[in-house]
Amino acid sequence: MLLGGPNSGKTHYAGQLYGRLRRRPGVLGLRQDQGTPPDLGALEEVLRCLEEGRLADHTPTTSWEEVALPLVDASGRAMDLRWPDYGGEQLRALFAQRAVPDTWRERLIKADGWVLLVRLSAEVKYPDALEELAKRPNDQQPNIERVERWDANAQWVELLQILLHVAGLSVVARLRRPRLAVLLSCYDELEAGERPPREILAEQLPLMSAFIEGNWASEAASVWGLSALGRPLDRNSAEDSFIDEGPENHGWVVPPAGGSKDPDLSKPLAWLLERP
Ligand SMILES: Nc1nc2c(ncn2[C@@H]2O[C@H](COP(=O)(O)OP(=O)(O)O)[C@@H](O)[C@H]2O)c(=O)[nH]1
Ligand SMILES: [Mg+2]
């Protein structure tokens, strides 16, 4: 189950993953089951835009209620990757209303793995607010702008608590299931180099990082850097390198231990299938 707020990079990861599976498979491939093939038109469409060197359009909330990608590894282990919230608005609503639709409840209970997309550059971080507070005494201006939104640490911890609760899981003992892969999306925006992505998360969202490390067994959670596109793209102007080389030759992940960029975008998903 793949989860992430609006604008966290879900659509472009989906499209790029699909392109890899079709043209440059890595540790995971597309599964050819008997029966009705899944409708992957939404992913085709994203890939088509990228081939033209431009961003895909914003996904309307109403279309594509759920996209599921049937995957398999070399030893025949299968998984279905689901985006229950392809539009990306439901996760926010779930948090705001503290209400979980039945379809979600079912999925959360059944899923063996959760993938969280976190775009650090777009999160509200507490130093932003602290800086404003620190300015206050000297600065007598009456309307200093305060950060009114939730701090991202608090938001993610609360969201994880809600999801765990709905899935019927307690954290009295450390969790081994669901396996949790945190994908720090748009990683190219961070200039994080070859450091372990977990360190970047701990630096920027310390409470969220501590919640995960404290409540998941260490082998059941991992943090990855993900740049599905490898660089920013524009909606209206075309990027030549995508046209010339193909979108399948762009984008990378940084593995949990850090190190160099790996073009296989399916690695974090394959990790979900590992059984220690
Ligand atoms: N720099 C950079 N930007 C990206 C990448 N992937 C997505 N984006 C940007 O992030 C925005 C949101 O991505 P999208 O996949 O539509 O997010 P969604 O709303 O979660 O589906 C896009 O408009 C892109 O501008 C990436 O790998 N690198
Ligand atoms: Mg989207």
Task: Acute angle (nearest 10 degrees) that the helix 41-51 long axis makes with the longest principal axis of the chain, alpha-carbon atoms - done: 80 degrees
Open item on the list: So, R0 is 30 Å and r is the distance between the beta-carbons of ASP244 and GLU194; what FRET efficiency does that work out to, to 0.05?
Closed with: 0.65
Open item on the list: Can you classify region 189-276 as rounded, prolate or oblate using the Cα gyration tensor, where a ≥ b ≥ c are the square roots of its eigenvalues, rounded means a/c under 1.5, and otherwise it's prolate if a/b beats b/c and oblate if not?
Closed with: prolate
Task: Cβ-derived FRET efficiency at R0 22 Å, ALA173 paired with LEU207, nearest 0.05 - done: 0.55
TODO: Determine which aspartates and glutamates satisfy two conditions relative to LYS125: a Cα distance under 18 Å, and not lying fewer than 8 residues away in the same chain.
DONE: GLU145, GLU148, ASP151, GLU158, GLU189, GLU191, GLU199, GLU203
Task: Residues ALA96 and ARG231, FRET efficiency given R0 of 45 Å [Cβ-Cβ distance, rounded to 0.05] - done: 0.85
Task: Tilt relative to the chain, helix 10-23 - C-alpha long axis, 0 to 90 degrees, to 10 - done: 20 degrees
TODO: Would you work out the charge dipole size for the chain about its Cα centre, treating the Cβ of every Lys and Arg as +1 and the Cβ of every Asp and Glu as -1, and quote it to the nearest 20 debye?
DONE: 940 debye
- [ ] With an 8 Å cut-off on Cα pairs and a minimum separation of 6 or more residues, tell me the relative contact order of the chain in percent.
- [x] 26 percent
Open item on the list: I'd like the Karplus ³J(HN,Hα) series for region 164-172: coefficients 6.51, -1.76, 1.60, θ = phi - 60°, whole numbers in Hz, and an x wherever there's a Gly or Pro.
Closed with: 5, 4, 5, 6, x, 10, 10, 10, 5
Open item on the list: Give the residue list of trypsin sites (Lys or Arg not before Pro) in region 148-195 that are DSSP loop and have at most 15 other beta-carbon atoms within 10 angstrom.
Closed with: ARG149, ARG174, ARG176
Task: Amide hydrogen neighbours beyond the local backbone of LEU71, cut-off 5 Å, H modeled - done: ARG31, MET79, ASP80, LEU81
- [ ] Give the share of C-alpha pairs in each 5 angstrom bin for the chain, from 0 to the last occupied bin, in whole percents, shortest bins first.
- [x] 1, 5, 12, 16, 19, 17, 13, 8, 4, 2, 1, 1, 0, 0, 0
Open item on the list: Tell me the angle of helix 206-215 to the major Cα principal axis of the chain, expressed in degrees between 0 and 90 and rounded to the nearest ten.
Closed with: 60 degrees
Open item on the list: Run the helix sum for the chain: -39,500 (n - 2.57) per DSSP H stretch of 4+ residues, divided by residue count, reported at 222 nm to the nearest 500 deg cm²/dmol.
Closed with: -10500 deg cm²/dmol
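Values quoted throughout were computed directly from the atomic coordinates according to the rules given, and no laboratory measurement underlies them. On a predicted model such as this, the values are computed, not experimentally measured, just so you know. All Cβ positions, glycine included, derive from the backbone under ideal geometry; neighbour counts span all protein chains shown.
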